[in-house]
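Read the figures in this text as sums done on the coordinates, not as results from a lab. Predicted model, so just to flag it, every value in this text is computed and none were measured. For neighbour counting, all protein chains shown are included, and Cβ atoms are generated from backbone atoms with ideal geometry for every residue, glycine included.
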Amino acid sequence: TTINGYLQTLVADVAQGRYEQAPEFLQIVTHNVSRLKNLVEDLLDLSAIESGKELHIETVNVREVTETVLKQVNSAKHVIQLSYDFDEMEADPHRLEQVLRNLMENAVRYVPEGRNISVRWLKTASGGLQLVVKDDGPGIAAEHQARLFERFYRVDEGRSRSHGGTGIGLSLVKHIVQRHGGEVHLRSELGHGSEFICEFPAP
Ligand code: ADP
C-alpha cells in the first residue's frame, strides 16, 4: 500500500512537472521494496523448511560459520564474545548459518550499542550440542515468551519494523533446529537480557 501510494503521487507530480518531493518519495519506495524483498525471502525459506525440503547434512566447521555470520551482521558496536567446546558438527551448513544469522541479527537489532552478545558452542553433559546466543539487552517479558517463535509475532511491531524485521526470524530458527532433531529454548527476563538455546541431539 505504501509503495503504491507513493508511486501514484509521484506519477501525478511528474506529469505536472513537479519534482521537489521526488527524491524523498523514491527513498520511501526503495526502503519499502527492500522490506518486501526480505519478507518474501523469509517466507519462501520458511515454507521450504516446513514443507520438508531435504537438509544437506555434512560436517560443518562451527568456527567458520560463526566468522561468516559475524561478517554479515553489523556487530561492530557491540562487545562480542565467542567460545567453542567443539569445532565441528553434523548439520546443514546453510541452515545452521541461517539460525545463527537470525539470532545475531536480532541481538544486534534489539540490544543497545556497547552491550555484550555472546555466541557459545557448548557440549552438554549428555553429549548433546548447543548453540547459545546470549545478550544483556532489554530481555523479553514472560507473557510474550510462549508466542515468540510464532511467525509474525513481534513484541513491539513498530520497533521491529523500523529495524527491518519481518517477524519470521525466530520461527525460521525454531523450524530449522527441529528439522535437525533439536529444540529451541528461551531464557529471558524483562530488563535482564535474553538467552536463546538451540539444542541439537548427541551425534
Ligand atoms: P523480527 O523480524 O521482528 O526480529 P523475530 O521472529 O526474529 O522477528 O523476533 C520476534 C520478536 O522477538 C522481535 O520482534 C523482538 O520483539 C523479540 N526479540 C527477538 N530477539 C530479541 C532479543 N535478543 N532481545 C529482545 N527482544 C528480542
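Tabulated data
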{"quantity": "Among Ile176, Ile28, Ile57: highest mean-square fluctuation, GNM of the chain, C-alpha pairs under 10 Å", "calculated": "Ile28"}
{"quantity": "Equivalent ellipsoid dimensions for segment 56-128 as semi-axes, Å, which come from the Cα gyration tensor, largest first", "calculated": "23, 14, 10"}
{"quantity": "The chain, relative contact order in percent, only Cα pairs under 8 angstrom and at least six apart counted", "calculated": "20"}
{"quantity": "Shape box of segment 16-167 [Cα atoms, principal axes, largest first, Å]", "calculated": "70, 38, 33"}
{"quantity": "Choice from His192, His31, His163 showing the highest fluctuation, given a GNM over the chain with Cα pairs closer than 10 Å", "calculated": "His31"}
{"quantity": "Lys, Arg +1 and Asp, Glu -1 on Cβ, resulting dipole of the chain about Cα centre, debye, nearest 20", "calculated": "360"}
{"quantity": "Entries of Lys134/Lys174; Lys71/Lys134; Lys77/Lys174 with Cα pairs more than 23 Å apart", "calculated": "Lys77/Lys174"}
{"quantity": "Inter-label distance, nm, simple model (7 Å from Cα along the C-beta direction), His94/Arg179", "calculated": "0.9"}
{"quantity": "Acute angle (nearest 10 degrees) that the helix 22-50 long axis makes with the longest principal axis of the chain, alpha-carbon atoms", "calculated": "30"}
{"quantity": "Tilt relative to the chain, helix 2-15 - C-alpha long axis, 0 to 90 degrees, to 10", "calculated": "30"}
{"quantity": "Sparsely packed chymotrypsin sites (Phe, Trp or Tyr not before Pro) within segment 107-203, loop by DSSP, other Cβ within 10 Å at most 15", "calculated": "Phe152"}
{"quantity": "Cβ-defined net charge surrounding Gly169, 11 Å radius [Lys, Arg +1; Asp, Glu -1]", "calculated": "+2"}
{"quantity": "Gap separating the Cα centres of segment 1-20 and segment 85-145, nearest whole Å", "calculated": "44"}
{"quantity": "Where GluC sites (Glu not before Pro) fall in DSSP loop in segment 74-156, at most 14 other Cβ within 10 Å", "calculated": "Glu113, Glu150"}
{"quantity": "C-alpha long axis of helix 169-179 to longest principal axis of the chain, angle in °", "calculated": "40"}
{"quantity": "Within a Gaussian network of the chain (alpha carbon springs, distance under 10 Å), most fluctuating of Thr30, Thr166, Thr124", "calculated": "Thr30"}
